[in-house]
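In what follows, a structure is listed as structure tokens, so that the remarks can point back to it.
The values are calculated or read from the model by the stated rules, or taken from the named source; none is laboratory data. This is a predicted model, so every value here is computed, not measured. Positions of Cβ are generated from backbone atoms using ideal geometry, with glycine treated the same way; all protein chains shown enter the neighbour counts. Side chains are part of the model used for accessible areas, which takes the heavy atoms of the whole protein and leaves out ligands, DNA and RNA. Shrake-Rupley method; radii C 1.70, N 1.55, O 1.52, S 1.80 Å.
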Amino acid sequence: MVPLSPAIRSLIDSRKPGHSLPGGLYTRDDVFAADMEIFFRRNWIAIGLECDVPEPGDAHVVELGKSSLILLRDDDNTVRVVHNVCRHRGARLLDKGTHIISKLVCPYHQWTYELSGELMHAPHMGAGFDRSCHSLRPVAHVNVGGLIYACLSDDPPQDVARLVETMTPRLAPYDIANAKIAHQCDIVERGNWKLTIENNRECYHCLGNHPELCLSFIDLDFGYDPATLAPEDRARADAHEARFASVTAQWEEAGYPSAAVLPQADGDTNFRTQRLMMNGAGESQSPDTRAACKRLLGTIGSTGLGDVHLWGHNTWNHFMGDHAVIATVIPLGPDETLVRTKWLVHKDAVEGVDYDVDHLTSVWTATTMQDAGLVERSHAGVGDPAYLPGPYSTFAETELESFATWYLNQLRKHGG
Ligand code: FES
Ligand SMILES: [Fe+2]
């Protein structure tokens with residue numbers, strides 16, 4: 001159990017259904033500590049990609065609160081995740097960032113580990129020293145079609161199986177495991193991680209804030225109040241719904257799973273996925289809505305397969321024919337959140353020939369910067385003594401209610 005003070009309990013109990021969270025749940029240090037324990041240690045979180053470590057000997061350090069994890073590919077081509085903590089006296093083995101290594105050698109006293117984590121060499125420890133008891137501690141992880149999720153708990157939630165079963169066939173044609181990272185961008189948002197996720201769970205704000213993204217996003221997919229639409233807009237909405245239903249059926253028939261899979265409020269592993277159509281030319285979230293990379297991902301043979309959305313509680317992803325955008329969210333403090341975005345293309349796509357990095361990345365770079373501004377603005381407001389939780393739109397913010405309900409269920413479940 002994670003100790004929750006009476007002050008936190010009363011914040012949880014005071015939350016009005018259908019409304020944003022009480023301010024303290026976004027701003028308090030003790031809530032942040034509980035969030036880190038429950039949502040970033042006991043739950044499954046997205047930490048990286050198989051293609052972060054494309055070759056044996058590639059290692060990639062992921063920092064998460066006080067923990068540091070090493071995502072690596074060993075000599076047998078197996079992707080592993082181990083704690084970045086030496087089994088001698090605990091020193092960090094690798095610094096932040098990415099490395100190419102043949103062994104993991106601790107800089108302190110040179111204890112040396114195989115890439116499997118086994119301790120191979122520990123000088124001057126005497127004849128009775130049993131190296132086999134001092135392997136690096138492994139971290140539970142699953143590979144979801146090339147996306148690596150880890151869990152720092154000794155008792156990871158079993159329902160991650162639903163995520164794996166749902167996404168493995170959905171992602172298979174994109175072959176994300178063998179894609180290439182064309183570009184990566186880290187932004188520190190000045191706001192609480194839940195505001196980052198809430199902002200991502202709705203597109204109510206898109207029309208007023210994301211001119212670039214709105215070229216390809218179809219606003220009707222993100223909820224609307226039919227009663228307030230003018231007759232011609234209502235006709236447009238009805239026509240879109242009908243077309244979307246028929247296109248989804250065609251995708252499914254062609255062997256591309258597309259239907260929405262929704263989060264389970266009482267489940268531990270929170271995710272949502274759906275394949276959506278795109279506007280304009282309908283090919284990609286690019287400045288002209290056409291493919292931004294000539295070489296398509298995996299075995300995808302056409303740009304007409306829409307955009308597979310995948311949301312988790314610390315990630316959002318878009319898988320299009322020509323490229324994928326992968327974002328992971330790592331809280332740094334109650335009011336600071338790292339958003340790490342990666343743009344993936346086919347591993348054989350050549351920069352300058354098949355794609356141009358600026359063209360490929362411009363829509364989501366602009367969108368991510370705009371979102372960082374919105375999250376900072378929200379965080380400042382929810383920390384104001386005048387803040388009162390306000391109502392979610394029952395049309396355009398249903399995913400926020402779903403996220404808040406799951407969040408509070410998890411706090412209650414794990415909080416003592
Ligand atoms: S702490 Fe790593 S070898 Fe001593
Ligand atoms: Fe946004």
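Here are the numbers:
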| item | result |
| --- | --- |
| Top positive-direction residue, dipole computed over region 1-63 with Cβ charges, set H19, F39, A59 | H19 |
| Assigned charges on the beta-carbon of Lys, Arg, Asp, Glu; the chain dipole about Cα centre (debye) | 1040 |
| For region 144-200 versus region 320-347, the gap between their alpha-carbon centres in whole angstrom | 9 |
| Per-selection Kirkwood Rh - region 327-416 (Cα, Å, 1 d.p.) | 16.8 |
| Directionally averaged shadow of region 151-279, computed from the convex hull of its alpha-carbon atoms, nm² | 11.5 |
| Apportionment of accessible area to carbon and sulfur, the chain, percent (1.4 Å) | 52 |
| Centroid-to-centroid separation of region 49-127 and region 1-42 [C-alpha atoms, Å] | 34 |
| Neighbour net charge for G383 - beta-carbon separation under 14 angstrom, K R +1, D E -1 | -1 |
| Among H205, P287, F222 - extreme Cα towards positive end, dipole of region 196-304, charges at beta-carbon | P287 |
| Average accessible surface area per residue within region 265-395, 1.4 Å rolling probe, Å² | 36 |
| Chymotrypsin sites (Phe, Trp or Tyr not before Pro) restricted to region 95-133 and DSSP loop, no more than 14 other C-beta within 10 Å | Y108, F129 |
| Principal axis box of region 155-206, alpha-carbon based, largest edge first, Å | 34, 33, 27 |
| The chain - Debye-derived log10 I(q)/I(0), Cα point model, q = 0.09, 0.12 Å⁻¹ | -0.59, -1.03 |
| Restraint check, K66/K347; K96/K294; K66/K180; K66/K342, Cα-Cα greater than 31 Å | K66/K347; K96/K294 |
| For region 1-153, accessible area per residue (1.4 Å probe, heavy atoms of protein chains only), Å² | 45 |
| Accessible area of region 157-217 divided out per residue, in Å², using a probe of 1.4 angstrom | 40 |
| For region 177-278, size of Cβ-based charge dipole, Lys and Arg +1, Asp and Glu -1, in debye | 260 |
| Theoretical FRET efficiency, 1/(1+(r/R0)^6), r = Cβ-Cβ of D288 and R162, R0 51 Å, to 0.05 | 0.85 |
